[in-house]
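A.B. asks: Take a look at the following structure, please.
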Amino acid sequence: TLSFAIDYQFWELNPIGYHLPNLLLHLAAGVLLFYLLLLIRLPRMASFWLSVLFIVHPIQTEAVVYANSRGDSLYTVFALLSLMSFLYFHQRKQLVLHFYQQKLVIKSMVFAGASLIFYLSSILSKEIGIAVFGLHGLLFVQQALTNHMKLSVRKSLLTAKMSLVLL
């Protein structure tokens, strides 16, 4: 409702002002999906084509075309931002933004708070946002398994090197 009130302030009753934000939110969700897939270590081309499929798939028509489906687009953007923030926090990544000669470093702890705020915003946009909590759990398991596999590969390589040295 707040987003419609903002639209009305800019566009009054002009229909383009109610459809354009839905389209822009959907495109933003496609870009966010691309970066989320890269964060979970999918290959760049697979991430690109999956994001393109998300953007152009006909099932998305209702969420983009109907002005009153703004909640779907907002929920998707907030859910993806929450998942990306969670991954930045879990991977202990820092985000460095450069503005001309200024540098802004966002520490990983900031992403923990951002993930919670975006999660709550997704719930406020659409009730199905509560399911994003389960996606956080799946991402946590995926990250734990990925880290475990890296450790076991390193351990195997170290064992192989040691056996070669002993021979």
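The values are calculated or read from the model by the stated rules, or taken from the named source; none is laboratory data. From a predicted model like this one, the values you see are computed outputs, not experimental measurements. As a convention, Cβ positions derive from the backbone with ideal geometry for all residues, glycine included, and neighbour counts pool all protein chains shown. Heavy atoms of the whole protein, side chains included, go into the accessibility calculation; ligands, DNA and RNA do not. Shrake-Rupley method; radii C 1.70, N 1.55, O 1.52, S 1.80 Å.
A.B. asks: Expected output is a single nm value to one decimal: the length gained when fully extending between Ala28 and Gln101, i.e. 0.36 nm times separation in residues minus the C-alpha distance. What is it? Before the final figure, lay out each step's value.
C.D. replies: Details: separation 73, 0.36 × 73 = 26.28 nm, distance 2.72 nm.
Net length gain for the segment: 23.6 nm.
A.B. asks: OK, next. So, with +1 on the Cβ of K and R and -1 on the Cβ of D and E, and no other charges, what is the size of the charge dipole of the chain about its Cα centre, to the nearest 20 debye? Don't jump to the answer; show the numbers that get you there.
C.D. replies: Details: 12 positive and 5 negative charges, 255 e Å.
Here the size comes out at about 1220 debye.
A.B. asks: Next question, about the same structure. How far, in degrees from 0 to 90, does helix 108-125 lean away from the longest principal axis of the Cα atoms of the chain, to the nearest 10?
C.D. replies: 40 degrees
A.B. asks: Now a separate question. Mind counting lysine pairs for me in the chain? Cα separation below 27 Å, and the two need to be 8 or more apart along the chain or on different chains.
C.D. replies: 6
A.B. asks: Which length gain, in nm to one decimal place, applies between Ile40 and Leu20 when the Cα-Cα distance is subtracted from 0.36 nm times their residue separation?
C.D. replies: Working: separation 20, 0.36 × 20 = 7.20 nm, distance 3.04 nm.
Between Ile40 and Leu20, full extension yields 4.2 nm more.
A.B. asks: Can you tell me, using C-alpha contacts under 8 Å and at least 6 residues apart, the relative contact order of the chain as a whole percent? Before the final figure, lay out the partial values.
C.D. replies: Numbers: 148 pairs, mean separation 30.3, N = 167.
In percent, rounded to a whole number, it is 18.
A.B. asks: Another question about this same structure. Quick check: from the Cα gyration tensor, does the range 4-88 come out rounded (a/c under 1.5), prolate or oblate?
C.D. replies: Working: a/c = 3.09, a/b = 1.91, b/c = 1.62.
Judged from the Cα gyration tensor, the range 4-88 comes out prolate (a/c at least 1.5, a/b above b/c).
A.B. asks: Right, something else. Can you grab the distance from the C-alpha centre of the range 28-54 to the C-alpha centre of the range 96-122, Å, no decimals?
C.D. replies: 20 Å
A.B. asks: Okay, next question. Using a simple spin-label model with points 7 Å from Cα along the Cα→Cβ vector, what separation in nm is obtained for Leu53 and Leu135?
C.D. replies: Here the answer is 1.6 nm between the modelled labels.
A.B. asks: Next question, about the same structure. Please list, by residue number, every one of the chymotrypsin sites (Phe, Trp or Tyr not before Pro) in the range 1-88 that is coil in DSSP and has at most 14 other beta-carbon atoms within 10 Å. Provide the component values of the computation, followed by the final result.
C.D. replies: Values: sites: Phe4, Tyr8, Phe10, Trp11, Tyr18, Phe34, Tyr35, Phe48, Trp49, Phe54, Tyr66, Tyr75, Phe78, Phe86, Tyr88; in loops: Tyr66.
Within the range 1-88, the qualifying chymotrypsin sites (Phe, Trp or Tyr not before Pro) (loop, at most 14 other Cβ atoms within 10 Å) are Tyr66.
A.B. asks: Working with all protein chains in place, sort Lys126, Lys107 by solvent-accessible area computed with a 1.4 Å probe, largest first. Working shown, then result.
C.D. replies: Numbers: Lys126 70, Lys107 110 Å².
Most to least solvent-accessible, the answer reads Lys107, Lys126.
A.B. asks: Restricting to DSSP H runs of at least four residues, report the calculated mean residue ellipticity at 222 nm for the chain, -39500 (n - 2.57) per run over all residues, nearest 500 deg cm²/dmol.
C.D. replies: Working: 7 runs with 126 residues, N = 167.
Helix-only estimate at 222 nm: -25500 deg cm²/dmol.
A.B. asks: On a 1.4 Å probe surface of the protein chains, which of Ile117, Ile59 comes out largest in accessible area, and what is the full order?
C.D. replies: Values: Ile117 110, Ile59 130 Å².
Heavy-atom accessible area, descending, gives Ile59, Ile117.
A.B. asks: Along the charge dipole of the range 1-148, which of Ala112, Asn22, Val64 sits closest to the positive end, that is, farthest toward it, with unit charges on the beta carbon of Lys, Arg, Asp and Glu (+1, +1, -1, -1)?
C.D. replies: Farthest towards the positive pole: Ala112.
A.B. asks: With every protein chain left in place, what is the accessible area per residue of the range 1-97 in square angstrom, probe 1.4 Å? Mind showing how you got there, number by number?
C.D. replies: Numbers: 5800 Å² over 97 residues.
Here the residues of the range 1-97 average 60 Å² of exposed surface.
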